[in-house]
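S.K.: Have a look at this one.
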Amino acid sequence: MTISWHVEQYERVESTQDLLKQKIEEGAQEGLVVVAEEQTKGHGRHGREWVSPAGNVYMSVLLRPVCSVQKVGQLSLLSGLSIFQAVEDLDPDIELKWPNDVLLRGKKCAGLILETEMQDDCIEWLALGIGINVESAPGIGECFGKGSIEVASLVERVLERLGFYYDVWQSGGFQNIAENWLWHAHPVGSKMEIKLGNSREQGYFHGLDDNGNLYLQNDNNEIRTITAGDVYLV
Ligand code: BTN
């Protein structure tokens, strides 16, 4: 069933992600979306700061998928693909980088943080925090000039794509999502370095497993499955 979104719009918050999690504690329902024009304490993966002046997209989305925690990787790719499709028409040089970064001419212009709560092996809730640079560099507004891309319509477009792919995913269509994702990402064979905690591993992209995890092939042709990490294309 297609999800219905309930969007709450704010001028300035510390972090849409933190606000959404507060609302989850208060019992918020699937489909709640918190959007802000500006954030004063925006944060990204691994506690990194996400500088958040006005003019960009800052949104957090609540999903309550009925599935095991192993499927988080699938939802992560699904979300990245949705953001990609929301902006792909704005520049000819936009691509995806595992798991869900969007690159504009090789530089990250959108990022996603995915936080979950589990009950036994099942996902209780999933908070998707999405930041898309429009005015900040590198931003997808660059091609068209400042003020030419409406943040509000971009939010709508992300939600439309996210709703569409969530529906596809709920009907068992992850293969279709993965194929689409692969089509727009670094090709198989791309050289990459992956930061895994304090260590780094080099290798070549060798595709995705059924849960959206990354296969990394080393120089000895051994393949390792990566479930989380920061990818650097080299
Ligand atoms: C990343 O590290 O790539 C993820 C960045 C996620 C930033 C977004 S902006 C909206 C939401 N609120 C936050 O504080 N973070 C996410």
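S.K.: Can you tell me which residue in the stretch 92-151 is nearest to the chain's Cα centre (by Cα), limited to those that are assigned to a loop (DSSP other than H, G, I, E, B) and closer than 13 Å to Val72 by Cα? Reasoning before the result, please.
M.R.: Initial filter on the stretch 92-151 (assigned to a loop (DSSP other than H, G, I, E, B)): 92-93, 98-100, 105-106, 120-121, 133-150.
Going one step further and asking which of them are closer than 13 Å to Val72 by Cα, we end up with 99-100, 121.
Numbers: Pro99: 8, Asn100: 4, Asp121: 22 Å.
Top of the filtered list is Asn100.
S.K.: Would you be able to tell me the number of residues in the stretch 1-39 that are within 10 Å of the ligand (Cβ to nearest atom), assigned to a loop (DSSP other than H, G, I, E, B) and farther than 23 Å from Glu160 by Cα?
M.R.: The total comes to 1.
S.K.: Mind checking which pairs have a first residue in the stretch 1-24 that is in contact (Cβ under 8 Å) with a residue 12 or more places away in the chain and a second that is surrounded by 15 or more Cβ atoms within 10 Å (Cβ to Cβ) and of a type in the set (Phe, Trp, Tyr), Cβ under 7 Å, 6 or more apart or different chains?
M.R.: So the pair list comes out as Ile3/Tyr166; Thr16/Tyr58; Ile24/Trp125.
S.K.: Another question, then. Would you mind stating whether Ala54 is in a loop (DSSP other than H, G, I, E, B), within 15 Å of the ligand (Cβ to nearest atom) and either over 13 Å from the mean Cα position of the chain (by Cα) or touching a residue at least 12 places away in the same chain (Cβ under 8 Å) (or both)? Walk me through it before giving the result.
M.R.: On the way: in a loop (DSSP other than H, G, I, E, B): yes; within 15 Å of the ligand (Cβ to nearest atom): yes; either over 13 Å from the mean Cα position of the chain (by Cα) or touching a residue at least 12 places away in the same chain (Cβ under 8 Å) (or both): yes.
Against the criterion (in a loop (DSSP other than H, G, I, E, B), within 15 Å of the ligand (Cβ to nearest atom) and either over 13 Å from the mean Cα position of the chain (by Cα) or touching a residue at least 12 places away in the same chain (Cβ under 8 Å) (or both)), Ala54 qualifies.
S.K.: Then there is this: For the stretch 77-93, how many residues are at pLDDT 95 or above and over 23 Å from Ser4 (Cα atoms)?
M.R.: Adding up the residues that qualify gives 0.
S.K.: Please find, within the stretch 189-230, the residue that is nearest to Gln70 (Cα to Cα) out of those that are hydroxyl-bearing (Ser, Thr, Tyr) and modelled with pLDDT of 95 or more.
M.R.: Restricting attention to the stretch 189-230, the residues satisfying the condition of being hydroxyl-bearing (Ser, Thr, Tyr) are 190, 199, 204, 215, 225, 227.
Among the residues that remain, those that are also modelled with pLDDT of 95 or more are: 190, 204, 215, 225.
On the way: Ser190: 26, Tyr204: 24, Tyr215: 16, Thr225: 13 Å.
So, considering only residues that are hydroxyl-bearing (Ser, Thr, Tyr) and modelled with pLDDT of 95 or more, the one nearest to Gln70 (Cα to Cα) is Thr225.
S.K.: Is it true that some residue in the stretch 63-76 is modelled with pLDDT of 95 or more, in contact with a Pro (Cβ under 6 Å, 6 or more places away or on another chain) and either closer than 30 Å to Gly189 by Cα or away from the ligand (no atom under 11 Å from the Cβ) (or both)?
M.R.: Among the residues of the stretch 63-76, at least one is modelled with pLDDT of 95 or more, in contact with a Pro (Cβ under 6 Å, 6 or more places away or on another chain) and either closer than 30 Å to Gly189 by Cα or away from the ligand (no atom under 11 Å from the Cβ) (or both), which makes the answer yes.
S.K.: What pairs come up if the first residue lies in the stretch 83-107 and is crowded, with 16+ Cβ neighbours inside 10 Å, the second is at pLDDT 95 or above and among the hydroxyl-bearing types (Ser, Thr, Tyr), and their beta carbons are under 6 Å apart, counting only those six or more places apart or on different chains?
M.R.: Pro99/Ser76; Asn100/Ser76; Asn100/Ser79
S.K.: Of everything in the stretch 108-121, what is surrounded by 14 or more Cβ atoms within 10 Å (Cβ to Cβ), of a type in the set (A, V, I, L, M, F, W, C) and more than 10 Å from the ligand (Cβ to nearest atom)? Give them in sequence order.
M.R.: Cys109
The values are calculated or read from the model by the stated rules, or taken from the named source; none is laboratory data. All values reported here derive from a predicted model rather than from experimental measurement. Note that each Cβ is placed from the backbone with ideal geometry, even for glycine, and that neighbours are counted across all protein chains shown.
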